Amino acid sequence: MPKIKNIKDLEKLRKEILTKRDPNKPCIIISSGTCGRARGSEPVISSVKEEIKKQGLTDKVDVRVTGCLGFCEQEPIIIIHPECIFYPNVNPKNVTKVISETVVKGKILNELLYVDPVSGKKITYEHDIPFYKKQLPIVFGNNSKIDPTSIEDYIAIGGYSALAKVLSSMKSDEIIETIKKSGLRGRGGGGFPTGVKWESCRKAEGDVRYVICNADEGDPGAYMDRSVLEGNPHSVLEGMIIGAYAIGSNEGYIYVRQEYPLAVKHFSIALKKACEYGLLGKNILGSKFNFDVKVNRGGGAFVCGESTALMTSIEGRVGEPRAKHVHTVEKGLWEKPSNLNNVETWANVPLIINKGWEWYSKIGTEKSKGTKIFSLVGKVNNTGLVEIPMGMTLREIIYDIGGGIKGGRLFKGVQTGGPSGGIIPESLIDLPVDFERLTEVGSMMGSGGMIVMDEDNCMVDIAKYFVNFLKDESCGKCTPCREGLIQMFEVLNDITEGKGKEGDIEKLKELSWVMSETALCALGTTAANPVLSTLKYFRDEYETHIKDKKCPARVCKALITYRIDPDKCTGCGLCLKQCPQDAVSGELKKPHQIDESKCIKCGICYDACKFDAVVVE
């Protein structure tokens, strides 16, 4: 392929690609991101290709292997275009029938259709599924339209036209002003105005500047950036090139989490193809602009998601943060001006350049523009990635898109913002989701994790879990974080083990204040959020643990006991057979008993009993 030398060459290539494609031709889309592969998408892909060849349909039916399509719990997913027939949880055994009946004859296979967990109805088409209906996938939506390893697919949907536009007709100041007017804010957690950051880096003293993409997504339950990189790597790369041109950078880095091999693979392919096509490297699109990107694998440290620690890690040193009195836009990587944005932020840039800042600024709220991708996980019926306009309420996200709480349980709270975020209670379920409102209630946007909890979650235990995570991930450089998290965990652990005492709540508050006011980086200053938010909204649970030595949610093992109600026990023996500690005794068809001295409180007897005879107190 000869290199594209100008905007005319790019448009000519785009037309050539589209001329060879028939939008009405049947196309089998198979999702195969990390989530899809974990659930068996690769055998499905092999079966589809073999069956297409076997039935002599190679020239009549296209097969497109994509990245994640969002509805992760329904993987592997097959969508048949142009009708958008949606078949979830497909396995190789279904493939022959899908191709011979649906693709060839147009027959809908009712037994393979998606069943809505709320209504119980079978739904045929992708756009009719409640999970997708209220979403606004401007960033994530293109995943279904492209093979992430094909630059031609990306060019076909308008890829690199934004880059061509800025190189041919926009000056640096004009690009930065466009991003500023759009209202785009960093999607990595801080929410800092992107255009303002670019402008500061552009004006910083120095001849060398760096552009960096933060793909070190370490929050438990969050995988938005991974899926964007796996499914549409060129959108991120194009955004980085535009940003580099705007600030005057010729060298960039992408710092990718070590546990993201597929994202690294797809982005590396994108780099190679972009270079071959003249869209990366020297004299991009025939201009005098040069830019290259290097891939840097993360070291498995959560703290390296922090900007200064990330840059220190790229330099080959231990990933530790530094004081913020010197901004990275002035002295960042190797003490040079550096502009760091996360994956989702970069992916928004081409959209804004192509569609205009006016279009983008109309989406969202007054101070939080555009959309946000969240990983909706936990005790919710529909788990996966959702892209929604800023300002949508938690109720709409959890119930309309998420399908409500599993098993008809009661909604108790939702944790947003990763381990440094807060837990928002049921009383605030109508809260609009944007940067300001989440911060006001003691949580944060973070990178976009959203963990839903029900009545069976203990909020003291949840706070302990996140504090323990942060304790282990602290770099240990500053005393407030290093020692404060250890002390905070010990207090929480004592409370959950029945050793809580008067004054523990006050001690937790004092530790929280010291850490938030004196820690070196955001890991330490925000680490107390899970504790403070649960104290604010669920203080009664703490008091019950401390004063009554009881866990209302029946989670903390030291504070619960199992017994068998003799009036309900039928003597079926299921609990006795399944108990791993031989703690259950009794004769067949007679009430059984539990020996508390042997019981490890694993809950197996509770789950096994079909007569509600096992009681947790």
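Nothing in this text is a laboratory measurement; each read-out follows from the coordinates by a stated rule. Since the model is a prediction, treat every value here as computed from it, not as a measurement. Reconstructed Cβ throughout: ideal geometry from the backbone, glycine too, with neighbour counts over all protein chains shown.
Quick rundown of the values:
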quantity: Kirkwood hydrodynamic radius of region 532-598, from inverse mean 1/r over distinct Cα pairs, in Å; calculated: 14.1 Å
quantity: Viscosity 0.890 mPa s, 25 °C: Kirkwood-radius Stokes-Einstein D of region 81-124 over Cα pairs, µm²/s; calculated: 222 µm²/s
quantity: Stokes-Einstein diffusion coefficient of region 371-454, Kirkwood radius over Cα pairs, 10 °C, 1.306 mPa s, in µm²/s; calculated: 130 µm²/s
quantity: Total formal charge among the other residues, if their Cβ is under 15 angstrom from that of residue 612, Lys/Arg +1 and Asp/Glu -1; calculated: 0
quantity: For residue 64, distant residues with modelled amide H under 5 Å away; calculated: 28, 29, 30
quantity: Which of 605, 304 has the fewest Cβ neighbours within 10 Å, and the rest in rising order; calculated: 605, 304
quantity: Residue 369 long-range amide H proximity, modeled H, under 5 Å; calculated: 185
quantity: FRET efficiency estimate (nearest 0.05) - Cβ-Cβ, residue 124 to residue 617, R0 56 angstrom; calculated: 0.70
quantity: Dipole magnitude (debye, nearest 20) for region 507-547, charges at Cβ of Lys, Arg, Asp, Glu; calculated: 40 debye
quantity: Surrounding net charge for residue 115, when Lys and Arg each add one and Asp and Glu each subtract one, Cβ distance under 11 Å; calculated: 0
quantity: Order of 474, 119, 168 - criterion: other Cβ atoms within 10 Å of each residue's Cβ, fewest first; calculated: 119, 168, 474
quantity: Hydrodynamic radius (Kirkwood) for region 151-361, which is based on Cα pairs only, to one decimal in Å; calculated: 16.9 Å
quantity: Prolate/oblate/rounded call for region 120-168, Cα gyration tensor, a/c under 1.5 rounded; calculated: prolate
quantity: Computed lengthening from residue 25 to residue 513, 0.36 nm per intervening residue step minus Cα-Cα distance; calculated: 169.5 nm
quantity: Dimensionless Rg/Rh of region 18-106 - Kirkwood Rh, Rg from C-alpha atoms; calculated: 0.95
quantity: Shape box of region 459-548 [Cα atoms, principal axes, largest first, Å]; calculated: 38, 20, 19
quantity: Gain in span if fully extended, residue 288 to residue 133, counting 0.36 nm per residue against the direct Cα distance; calculated: 51.3 nm
quantity: FRET efficiency estimate (nearest 0.05) - Cβ-Cβ, residue 395 to residue 482, R0 56 angstrom; calculated: 0.90
quantity: 0 to 90° range, to nearest 10: angle between helix 261-276 axis and the chain longest Cα axis; calculated: 0 degrees
quantity: Exposure proxy order (Cβ contacts within 10 Å, fewest to most) of 81, 266, 127, 545; calculated: 127, 81, 266, 545
quantity: Calculated FRET value between residue 11 and residue 426, using beta carbons and R₀ = 56 Å, to 0.05; calculated: 0.60
quantity: Full-extension gain in nm, residue 548 to residue 54, via 0.36 nm per residue minus C-alpha separation; calculated: 171.0 nm
quantity: Compactness of region 561-616 as Cα Rg over 2.2 N^0.38 Å, two decimals; calculated: 0.94
quantity: Rg [Å, one decimal], Dmax [Å, integer] - the chain, C-alpha atoms; calculated: 26.7, 87
quantity: Sequence-separation-based contact order of region 31-145, relative, with Cα cut under 8 Å and 6+ spacing, percent; calculated: 27 percent
quantity: Nearest-ten-degree value, helix 343-355 long axis tilted from longest Cα axis of the chain; calculated: 40 degrees
quantity: Alpha-carbon centroid distance for the pair region 394-439 / region 507-525, whole angstrom; calculated: 25 Å
quantity: Phi to ³J(HN,Hα) by Karplus 6.51 cos²θ - 1.76 cosθ + 1.60 over region 476-483, Hz, x for Gly, Pro; calculated: x, 5, 10, 4, x, 6, 4, 7
quantity: The chain: relative contact order as a whole-number percent, Cα under 8 Å and 6+ apart; calculated: 12 percent
quantity: DSSP-defined antiparallel bridges as percent of all bridges, the chain, nearest 5; calculated: 55 percent
